[in-house]
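Trainee: Below you will find the structure I want to go over with you.
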Amino acid sequence: MSFDVNAVRQDFPILDQMVHDKPLVYLDNGATTQKPSVVIDALDHYYKVDNSNVHRGAHTLSDRATIAFENARKAVQTFLNAQHSEEIIWTRGTTESINIVAQSYGDAFIKKGDVILVSGMEHHANIVPWQMLCERTGAILKPIPVLDNGELDMNAFDTLIQDNVKFVSLVHVSNALGTVNPVKTVIEKSHAVGAKVLIDGAQAVAHFTVDVQELDADFYVFSGHKVFGPTGIGCLYGKKELMDAMPPILGGGEMIEKVSFDGTTYQGLPFKFEAGTPNIGGAIALDAALTYLMNLDRDAMVAYEEELLAYAHEKAAQCEGLKVIGTAKEKAGVLSFLIEGTHPADVGMLLDQQGVAVRTGHHCAMPIMDQFCIPGTARASFSIYNTKDDVDALFTALEKVKMFLT
């Protein structure tokens, strides 16, 4: 079955607009994806018809909101193939999810002298929380080196993964390079020395199917807005036996079983990590986004995106003065590049004047930029609604950029 990109594009109303009198070419999907009408409609319906707080209301609107909210949790369970729905914790996004694990699991189980491994290609959200944990506990954070082509240095990892390593946190797909990391192998080797593993799936879940049981990930995190859902909603998956043993880090309503001045007892999973009123509408709209994605032919979608990225790399190879940053064999959705003699910020600004939206800068991944001795890149990142015409428009625009800047 072929992937009908034109039919998909019709589902995303934002794409049908002009920017600077040019048709919009949206290539900033690594930062955030656009939203199909079903997601917009789900959010609209909740606030127009069902708006109410969840779980404790004694009226019809609360009942409807609660059912939709908990059905959304089950949708994430299905999407990730988690064993239990209570293994799905609602958060604001990937950043908060990682911080919860670092503060809850980390403070409870990571001790002075323990080693935590992250890769050299991580987003800052998967570096800084672990640095903060090390400051609190005396643990040691070590980077896994990255090869010049943007691949994880697995030989170096094999040297680093010793008995003193207690936690490994690794991006599934690099937002800066597009590298797809061998996370299953990393998990297996980490478990062999008794280390727990968190996988940052923010850039992965929109591109291919993720099965947390097959991966045997201890924790897996992602953000709704990078998988066609709204901003301000995300998910933390954690194995039940681990999450049961972890203390809550926020106190308040919903996460308690009983409160008195003699002491407080906490609810079980998932509620002990969900203090306060959650982003109900965001969760419901994320359900719509994941359902939309799961209703597509995922195999055909993956094949289409691989073909599109390969086409972009072919065009890049023909573009004089363009250097691709990140040439790993396994990539997903990202073409980061530099134009000789230009600054990425200038390239991005001039592309915008031609209706082409890309990202520029260090992409919250300064360590990998430092490794390549560059200030940042221009990044075109692709999604299910992008076409070869979009790629052609990018490179046509880049030729004009080169004429202006070089």
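The values are calculated or read from the model by the stated rules, or taken from the named source; none is laboratory data. This one's a predicted model, so the numbers in the text were calculated from it and none came from an experiment. Don't worry about glycine lacking a Cβ; one is built from the backbone with ideal geometry, like all the others, and counts go over all protein chains shown.
Trainee: Does at least one position in region 336-355 carry a residue that is within 22 Å of the chain's Cα centre (by Cα), of a type in the set (D, E, K, R) and not assigned by TED's automatic domain parsing to the domain that holds MET121?
Mentor: No, there is no match, as no residue in region 336-355 is within 22 Å of the chain's Cα centre (by Cα), of a type in the set (D, E, K, R) and not assigned by TED's automatic domain parsing to the domain that holds MET121.
Trainee: Would you confirm whether any residue within region 392-403 is of a type in the set (Gly, Ala, Ser), modelled with pLDDT of 95 or more and more than 20 Å from HIS207 (Cβ to Cβ)?
Mentor: Yes; the residues of region 392-403 include at least one that is of a type in the set (Gly, Ala, Ser), modelled with pLDDT of 95 or more and more than 20 Å from HIS207 (Cβ to Cβ).
Trainee: Which pairs do you get when a residue that is within 12 Å of GLY238 (Cα to Cα), found in region 95-112, comes within reach of a residue that is in a helix (DSSP H, G or I), reach meaning Cβ atoms under 7 angstrom, with the pair 6+ apart or on two chains?
Mentor: ILE98/ALA125; ILE98/ASN126; ILE98/PRO129; ILE100/PHE273; TYR105/LEU242
Trainee: Suppose we keep only residues that are surrounded by 20 or more Cβ atoms within 10 Å (Cβ to Cβ) and over 12 Å from the mean Cα position of the chain (by Cα) within region 211-228. Which one would you say is farthest from ARG92 (Cα to Cα)?
Mentor: Start the filter on region 211-228 by keeping residues that are surrounded by 20 or more Cβ atoms within 10 Å (Cβ to Cβ), which leaves 212, 215, 217-228.
Those left that are additionally over 12 Å from the mean Cα position of the chain (by Cα): 212, 215, 217-219.
Details: VAL212: 20, LEU215: 24, ALA217: 21, ASP218: 20, PHE219: 16 Å.
Top of the filtered list is LEU215.
Trainee: Just to verify a result, which residue in region 5-23, among those that are under 24 Å from the mean Cα position of the chain (by Cα) and of a type outside the set (Val, Ile, Thr), is surrounded by the fewest Cβ atoms within 10 Å (Cβ to Cβ)?
Mentor: Among those residues, the one meeting the criterion is PRO13.
Trainee: Continuing with the same structure: Test of understanding: among GLY326, GLY348, GLY268, which residue is outside any helix (DSSP H, G or I) and crowded, with 19+ Cβ neighbours inside 10 Å?
Mentor: Details: GLY348 fails: outside any helix (DSSP H, G or I); GLY268 fails: crowded, with 19+ Cβ neighbours inside 10 Å.
On inspection, the qualifying residue turns out to be GLY326.
Trainee: Report whether or not LEU117 is assigned to a strand (DSSP E or B), crowded, with 16+ Cβ neighbours inside 10 Å and in contact with a Cys (Cβ under 9 Å, 6 or more places away or on another chain).
Mentor: Judged against the criteria, LEU117 is not a match.
Trainee: Out of ASN51, ASN81, ASN71, I need the residue that is over 16 Å from CYS235 (Cβ atoms) and surrounded by fewer than 23 Cβ atoms within 10 Å (Cβ to Cβ). Which one? Break it down stepwise before answering.
Mentor: Working: ASN81 fails: over 16 Å from CYS235 (Cβ atoms); ASN71 fails: over 16 Å from CYS235 (Cβ atoms).
Result of the check over ASN51, ASN81, ASN71: ASN51.
Trainee: Additional query: Here is a list of conditions, (1) surrounded by 15 or more Cβ atoms within 10 Å (Cβ to Cβ); (2) assigned by TED's automatic domain parsing to the domain that holds LEU198, and LYS35 meets all of them except one; can you say which number that is?
Mentor: For LYS35, the exception is condition (2).
Trainee: Quick check: is even one residue across region 208-217 in a loop (DSSP other than H, G, I, E, B) and farther than 29 Å from PRO278 by Cβ? Break it down stepwise before answering.
Mentor: From region 208-217, those in a loop (DSSP other than H, G, I, E, B) are 208-211, 216-217; that's our starting set.
Applying the additional criterion that residues be farther than 29 Å from PRO278 by Cβ yields none.
For region 208-217, residues in a loop (DSSP other than H, G, I, E, B) and farther than 29 Å from PRO278 by Cβ: absent.
Trainee: Please work out if SER2 is among the hydroxyl-bearing types (Ser, Thr, Tyr), touching an Asp or Glu at 6+ places or on another chain (Cβ under 7 Å) and surrounded by fewer than 20 Cβ atoms within 10 Å (Cβ to Cβ). Steps first, please.
Mentor: Values: among the hydroxyl-bearing types (Ser, Thr, Tyr): yes; touching an Asp or Glu at 6+ places or on another chain (Cβ under 7 Å): no; surrounded by fewer than 20 Cβ atoms within 10 Å (Cβ to Cβ): yes.
No: the conditions fail for SER2.
Trainee: List the number of the failed condition for MET301; all other conditions in (1) within 19 Å of the chain's Cα centre (by Cα); (2) surrounded by fewer than 19 Cβ atoms within 10 Å (Cβ to Cβ); (3) assigned to a helix (DSSP H, G or I) hold.
Mentor: For MET301, the failing item is (2).
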